[in-house]
Amino acid sequence: MSDATIHPHRLFRSRFHQLVPWIVSAALFFNLALAVVHTNLMRMSSTHVILAEIAIIGLAASVAFSSTNAEKNPWLFLFILQVSVILLILAWRQSLDVKPVRDAIIVPVFIMLGVVGVGFNLVRYTLWTASIGLLVASFEILFLEQFTSLVNVLDFFIAKGTLAESARQFAANDLFVSGNRPNGRFLFDQLGIHRASSFFLEPVSFGAFGCVVGMVIVAHKNGLSLATYLVGLAAAFLIIWLADGRLAFGILVACLVGRPVLARLPAGFNVIMAPVVCGFLVSLHFLGVLQESGEGLGARLAGTIATLGSFDLAQLLGRGAPGVFTLDSGLGHLLATQGALGFLLYWLAPIVLARPTTVEGRLMVAFASIYFAFNLMFSQSMLTIKTAALLWMAFGYTVAGNHLLFGRRDSSHSRESG
């Protein structure tokens, strides 16, 4: 895409466009802020967390809706459709649980936020947030006692209802229960450090954040200097290592290795990305390649397959969830809470509606598809606003071509080079 193809509406700025990076930052940092308040000022509860998330999503939606940028309209339609479908399912279930609505609308709301988010440099913003994440993680690892005196992570998660009181017996140093693996770290366990959580307060989300940082850097490689690219990629992998994120490591390596091919494939190819990846992982399970015991990825995959086998037709349509543990299964959770139609809207609609015109845009769609596919089988971390806000904002920003407003290295190469 050249300068001549940047339409005037892409340069439009609503009165509140400057808030876009600040809203995403609020999604990244609000748990840390609430935990500090909980530890030092007043007790927090799930109500405070819910109100904070409502405020962040509401502000993001307000900024997105205030823009006259026509590129947001398909995502606005998706927003309305998802809310309608989930509300119908909840009415069918006679349920007042609105969490499925929140899970669903995070995607279109933050994609719209990225679409209207002209006026800031996504890569620079991502590098700054990665730097802050590494700084907080370094403080956590080097000065653990001081860190937990400021932020009692375990007590905060118990207070907001994420963990039961009994979790204290499994945790160490007032950290989240998964701060230490029973069988040691995935990489370089000899150093003897715990799994860092930084401002996310738990290591899974911190690792997922590192993966998203890496996806942004790899997707925008053509527009970056070699030094910036290498520093960004090193920061992403350092975050993943500090968090000991096995799944995040695998996803980012898949994106990095697959980039030369994915850069040349049409965006429509990503419609089959999730079925292909999930089918491959299921075949590994039935071939006995992955170990099913313990708490590893093989055990999580086996759990997802068992969960899917427990659904009947009414439950697949959204009538009610099976009595099966779905914490480590994104697919199981989405089917249980949103039904098959809600799941299709969550997974398929962003891929179908995306119309990227640059290599960066095609890569962001492909990387998001890979990220989504792996999380379907292993984790629900893709649903949390802490990481989803950055991922989907970057998705919308890049698909809309907003990165072309910063620097011109990618303008001359985006159409033909990978």
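Take the chain, connect every pair of alpha-carbon atoms lying under 10 Å apart with a spring to form a Gaussian network, then pick out the residue of Met44, Met393, Met112 with the largest mean-square fluctuation. Between Met44, Met393, Met112, it is Met44 that shows the largest mean-square fluctuation. Projecting each Cα onto the charge dipole of segment 17-405 (Lys/Arg +1, Asp/Glu -1 at the beta carbon, about the Cα centre), which of Ser310, Ala61, Ala336 comes out farthest on the positive side? Most positive-ward Cα: Ala61. For the chain, excluding the exposed loop sites themselves (trypsin sites (Lys or Arg not before Pro), DSSP loop, at most 16 other Cβ atoms within 10 Å), the longest remaining stretch covers 44-263. Gain on full extension, evaluated as 0.36 nm per residue between Ser283 and Leu226 minus their Cα-Cα distance, stands at 16.7 nm. Projecting label points 7 angstrom from Cα along Cα→Cβ for Ser149 and Phe170 puts them 3.0 nm apart. The calculated FRET efficiency for the pair Val36 and Ala299, based on their C-beta separation and a Förster distance of 35 Å, comes to about 0.50. The stretch between Val352 and Leu313 holds 11.4 nm of extra length on full extension. This uses 0.36 nm per residue minus the Cα-Cα distance.
The distance between label points at Gln18 and Val271 comes to 4.3 nm (points 7 Å beyond Cα on the Cα→Cβ vector).
So for each of 142-155, 330-343 I average, over its residues, the number of other beta carbons within 10 Å; can you give me the resulting order with the highest mean first?
Most protected by this proxy first, the peptides run 330-343, 142-155.
Among complete DSSP H helices in the chain, those whose alpha-carbon atoms stretch at least 27 Å along the helix's long axis and whose mean Kyte-Doolittle hydropathy reaches -0.5 are 20-40, 46-66, 73-93, 122-142, 359-378. Spatially, segment 342-376 and segment 96-145 are offset by 18 Å when compared through their Cα centroids. Taking a ≥ b ≥ c as the square roots of the eigenvalues of the Cα gyration tensor, the chain is rounded, since a/c falls below 1.5.
Taking the chain as a Gaussian network of alpha-carbon nodes connected by springs under 10 Å, the highest mean-square fluctuation of the residues Gly207, Gly133, Gly58 belongs to Gly58. 222 nm [θ] for the chain, helices only, -39500 (n - 2.57) per DSSP H run of 4+, per residue, to 500? That calculation yields -20500 deg cm²/dmol at 222 nm. Between Ser45 and Phe77, the simple spin-label model (points 7 angstrom out along Cα→Cβ) gives 4.3 nm. In percent, rounded to a whole number, the relative contact order of segment 54-113 is 55, using alpha-carbon pairs under 8 Å and six or more apart.
Taking 0.36 nm per residue of separation and subtracting the Cα-Cα distance, what length does fully extending Trp128 through Ile54 add?
Values: separation 74, 0.36 × 74 = 26.64 nm, distance 2.53 nm.
This chain segment gains 24.1 nm when fully extended.
Normalised by the number of residues in the chain, the average gap of Cα pairs under 8 Å and 6 or more apart makes the relative contact order 23 percent.
Taken together, the values in this text are just the output of simple stated rules run on the coordinates, not laboratory data. Note that this is a predicted model, so its numbers are computed, not measured. Virtual Cβ from ideal backbone geometry, glycine too; neighbours counted across all protein chains shown.
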